[in-house]
Amino acid sequence: MNKIKKSNLLFNPFERFREQRLIIVGLIAAVVASLLGYFFNGRFDGALDLHFTHTVEIWEPFIDNLIAIFSLFLIFSIVAKILNPKTRFVDIFAISLIARLPLYLLTFSNFGNIQYEIGQALFLTVTEPARNIPMDAVILSVIFGALSILAAIWMITLLYNGLKLVSNSKGVKLIVGFIFALILAEALSKLIVYLIY
Amino acid sequence: MKKLPVSCPSCASALQVSSLSCTSCDTVIQGSYSLPMLLQLPQEEQDFILEFVLSGGSLKAMAKKLDRSYPTVRNLLDDIIENLKQLRNE
């Protein structure tokens, strides 16, 4: 069976692992990440978002993750079904859960609320120009920014590879569908977050 | 096991059977016979079809056997179906 490529576990685990396993891992990760969100003051306030704030209530990251996963699942299901009616909902659910893992890992970057403090320090230099720009804060914010970009690329790659696999689509149709799904999922999650809080 | 060539190494056109022989009595039949459609598929697709039939036509069983996910196996089957449709229209 030469045609089956050696699976790329990091960027396309959907090719190799069965949906039950992916869903169990994804659900456990979502619960753990919600607790991490509470401990590290992280809010998952959007399908592709993670922001750090001063304090977080324990239930907030759970609701955030629920909204984000629901938004991804709903929009990607609609787009995947349009691309290929044979697409199974269970596969889309697995993708919606697993694609968020990079975002969950990023919560560790706010250890000791460092990201939030840096953000505040840099914000003060904008509102109060007389203040000196703290260089250590700038360097750390560049490092965290780079980590965030890497996590975003990883997450988007997982979503793209997942949609490509489960809908068996290629070319322009897939790219347009994916961009459409990504924007709509983000917009829907933001709207629900806005309506709830 | 020797692989049956299905396309011309020179121009890539589909090959035909021009000679068949009996290994028991050495009778040789000359002619021009088209290869069956399934034999015109690449070897790995033929192997997939064989395994798929032996699995009772179950994609879930195939996924387990190949240690791949269900959509991966379903896509392989869809690609084979597309190839067969193209061969039928040629």
Item checked: Among residues of the range B:44-61, those that are more than 10 Å from chain A (Cβ to nearest Cβ) and touching a residue at least 12 places away in the same chain (Cβ under 8 Å), counted -> 3
Next item on the list: May I ask you to list the residues in the range A:157-197 that are farther than 14 Å from residue A:68 by Cβ, under 16 Å from the mean Cα position of the chain (by Cα) and β-branched (Val, Ile, Thr)?
Entry: A:157, A:179, A:183
Notebook entry, point to check: Could you say which residue among A:37, A:26, A:42 is under 19 Å from residue A:157 (Cβ atoms) and among the small types (Gly, Ala, Ser)?
Noted result: A:26
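So, residue A:128, is that one of a type in the set (D, E, K, R) and closer than 17 Å to residue A:50 by Cβ or not?
When the stated conditions are applied, residue A:128 does not pass them.
Pick out the one residue from A:76, A:17 that is part of a loop (DSSP other than H, G, I, E, B), within 14 Å of another protein chain (Cβ to nearest Cβ) and crowded, with 17+ Cβ neighbours inside 10 Å.
The unique qualifying residue is A:17.
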Check: Does any residue of the range A:37-52 turn out to be assigned to a helix (DSSP H, G or I) and in contact with a Phe, Trp or Tyr (Cβ under 8 Å, 6 or more places away or on another chain)?
Finding: yes
Checklist line | Single unsatisfied condition, residue A:46 versus (1) at pLDDT below 95; (2) in contact with a strand residue (DSSP E or B) (Cβ under 9 Å, 6 or more places away or on another chain); (3) crowded, with 20+ Cβ neighbours inside 10 Å | finding: (2)
Item checked: Residue list for the range B:67-87, filter: within 9 Å of another protein chain (Cβ to nearest Cβ), farther than 17 Å from residue A:22 by Cβ and surrounded by 15 or more Cβ atoms within 10 Å (Cβ to Cβ) -> B:76
Notebook entry, point to check: For the range A:124-143, does any single residue satisfy the condition of being surrounded by 14 or more Cβ atoms within 10 Å (Cβ to Cβ), under 30 Å from residue A:88 (Cβ atoms) and free of Cβ contacts under 8 Å to residues at least 24 places away in the same chain?
Noted result: no
Margin query: Being away from every other protein chain (no Cβ under 13 Å), over 29 Å from residue A:91 (Cα atoms) and surrounded by 12 or more Cβ atoms within 10 Å (Cβ to Cβ): is that true of residue B:20 here?
Written below: no
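Give the residue, chosen from A:85, A:61, that is without any contact (Cβ under 8 Å) to a residue 40 or more places away in the chain and within 14 Å of another protein chain (Cβ to nearest Cβ).
A:85
The values are calculated or read from the model by the stated rules, or taken from the named source; none is laboratory data. Fair warning: this is a prediction, and the values are worked out from it, not measured in the lab. With ideal geometry, Cβ positions are generated from the backbone for all residues, glycine too; neighbour counts draw on all protein chains shown.
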